[in-house]
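Structure, as structure tokens:
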Amino acid sequence: MQTIYYSLTDSIDKNRIFPFRERGCIVVLGLFDGVHIAHRELISVGKRLALEKGLPLVIFTFSADSPMLKPGTERIYTDKEKLSLLAQCGADFTVISDFESLRSTSGGDFAKKILIDGMNARHFVCGYNFRYGRNAEGDSESLLSTFLGESRCGTVVEEIKYKGEAVSSTRIREAIASNDMKEAAALLGLPYFICGRTGHGVGLGRQMGIPTVNIDLNADRSSPRRGVYASLVKLGGEVYPALTNVGTCPTFGERDVHTETFILDFEGDIYGEKITVYFIDYLRDEKKFSSEKELIMQIMIDKNNAIRILEDLKWQEIGQSLQ
């Protein structure tokens, strides 16, 4: 997948900026915060159209820290993580537009000058509640009217529900904040995850015979609450069962909040490697233990609980879907 960063100041040479312009494209529109199951439905509709028409599938979106999010709202994934998910969903190109340069653009200009003239979008796909243009003046109906007036097409996808309520990024944030990882996974379409390169801690886990790998948490995105989780770890092309703690290691003195992951039945030095940690289910709160022995005993209990939960959920099947 090719990523294109676009602002209005780049619009002089449209063929250079949008390499798919001569051919035309199917464009799917949205912020895609979380790339959840409703977003995936939009992309799936777009992909089917792209295959039918023999055109590239283009995602038009904004940065994860876009002002389109309400102030103080944590983004679910970073731009890099979002781009990876969009590629997995089948996008050929993703256009990340500069929100500020479009803030004062009218709805009509956005539809006509950017989507139709600039990108040569033959068919758009958006959600029922999609808004665009200055002061969000445009909606899905006006966009469809503009496209039809230019002898082009559009598809508006109706509300997608889960458990009788609309799927939304807000629901996902609430699920993560309340440690309901099963709910978050159902809404996202895959387990909630964090990515990072493994770093060295203070080595206490290895001294106790429980080697862990650490990942610092990104302050600019949502994070699981402190506690212990049954998890899966993707390393290279393999997925392993694991036990993950989010917190400050209070038993041995407070540290910055981070994740420590004990990859079960795994041996090898992976410090500096990129891994993905998927949070499958919440086990317990983080706590301070009175001794190292008490901590080790609890970790063994946590390990057994994690194995039981992961086996019940058939983690190997989940792992195959994540590869």
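The values are calculated or read from the model by the stated rules, or taken from the named source; none is laboratory data. These numbers were taken from a predicted model, which means no experiment stands behind them. Virtual Cβ from ideal backbone geometry, glycine too; neighbours counted across all protein chains shown. Surface areas here come from the heavy atoms of the whole protein model, side chains and all, with no ligands, DNA or RNA. Shrake-Rupley method; radii C 1.70, N 1.55, O 1.52, S 1.80 Å.
Cβ-Cβ contacts under 6 Å between residues 6 or more apart (or on different chains), taken from a first residue in the range 176-192 that is closer than 12 Å to Arg225 by Cβ to a second residue that is of a type in the set (Lys, Arg), are listed as Asn179/Arg225.
Would you pick out the residues in the range 110-130 that are surrounded by fewer than 17 Cβ atoms within 10 Å (Cβ to Cβ) and within 19 Å of Phe62 (Cα to Cα)? Working first, answer last.
The initial filter retains those residues of the range 110-130 that are surrounded by fewer than 17 Cβ atoms within 10 Å (Cβ to Cβ), namely 112-113, 117, 128-129.
Answer for the range 110-130, where residues must be surrounded by fewer than 17 Cβ atoms within 10 Å (Cβ to Cβ) and within 19 Å of Phe62 (Cα to Cα): Lys112, Lys113, Tyr128, Asn129.
Tell me, please, whether a residue that is touching a strand residue (DSSP E or B) at 6+ places or on another chain (Cβ under 7 Å), at pLDDT below 95 and assigned to a loop (DSSP other than H, G, I, E, B) can be found in the range 47-63. Yes.
Residues in the range 184-216 that are at pLDDT below 75 and β-branched (Val, Ile, Thr) were compared, and the one that is surrounded by the fewest Cβ atoms within 10 Å (Cβ to Cβ) is Val202. Filtered by the rule that a residue be open to solvent by 50 Å² or more (accessible area, probe 1.4 Å) and under 23 Å from the mean Cα position of the chain (by Cα), the range 261-281 gives Glu273, Lys274.
Selection of the range 282-303 for residues being over 11 Å from Leu243 (Cβ atoms) and modelled with pLDDT of 95 or more yields only Tyr282.
Contact map, the range 289-318: first residue surrounded by 13 or more Cβ atoms within 10 Å (Cβ to Cβ) and hydroxyl-bearing (Ser, Thr, Tyr), second residue at pLDDT below 90 and not in a helix (DSSP H, G or I), Cβ cut-off under 8 Å, separation 6 or more or different chains; the map is empty. The residues listed here are Ala242, Ala219, Ala306, Ala230; of these, the one that is at pLDDT 85 or above and not in a strand (DSSP E or B) is Ala306. Just the residues that are open to solvent by less than 30 Å² (accessible area, probe 1.4 Å) and at pLDDT 75 or above, please, taken from the range 250-260. Residues satisfying the conditions are His258, Thr259. Taken together, the residues in the range 76-114 that are among the aliphatic types (A, V, I, L, M) and within 11 Å of the chain's Cα centre (by Cα) amount to 4. Residues of the range 9-23 being hydrophobic (A, V, I, L, M, F, W, C) and surrounded by fewer than 17 Cβ atoms within 10 Å (Cβ to Cβ), which ones? Once the filter is applied, which keeps residues that are hydrophobic (A, V, I, L, M, F, W, C) and surrounded by fewer than 17 Cβ atoms within 10 Å (Cβ to Cβ), the range 9-23 yields only Ile12. Scoring Gly247 on the criteria (1) within 21 Å of Asp180 (Cα to Cα); (2) open to solvent by 90 Å² or more (accessible area, probe 1.4 Å); (3) modelled with pLDDT under 90 leaves a single failure, condition (2). Per the conditions (1) part of a loop (DSSP other than H, G, I, E, B); (2) closer than 18 Å to Ile299 by Cα, the sole criterion not satisfied by Phe279 is (1).
Considered as a group, the residues in the range 105-147 that are of a type outside the set (A, V, I, L, M) and at positive phi include one that is modelled with the highest pLDDT, and that residue is Asn120.
All conditions in (1) part of a strand (DSSP E or B); (2) modelled with pLDDT under 95 hold for Ile176, with the sole exception of (1). Please verify whether Glu41 is at pLDDT 90 or above, open to solvent by less than 70 Å² (accessible area, probe 1.4 Å) and of a type in the set (D, E, K, R), treating the condition exactly as stated. Criteria met by Glu41. On the given criteria, is Val167 more than 15 Å from the chain's Cα centre (by Cα) and at pLDDT 95 or above? No.
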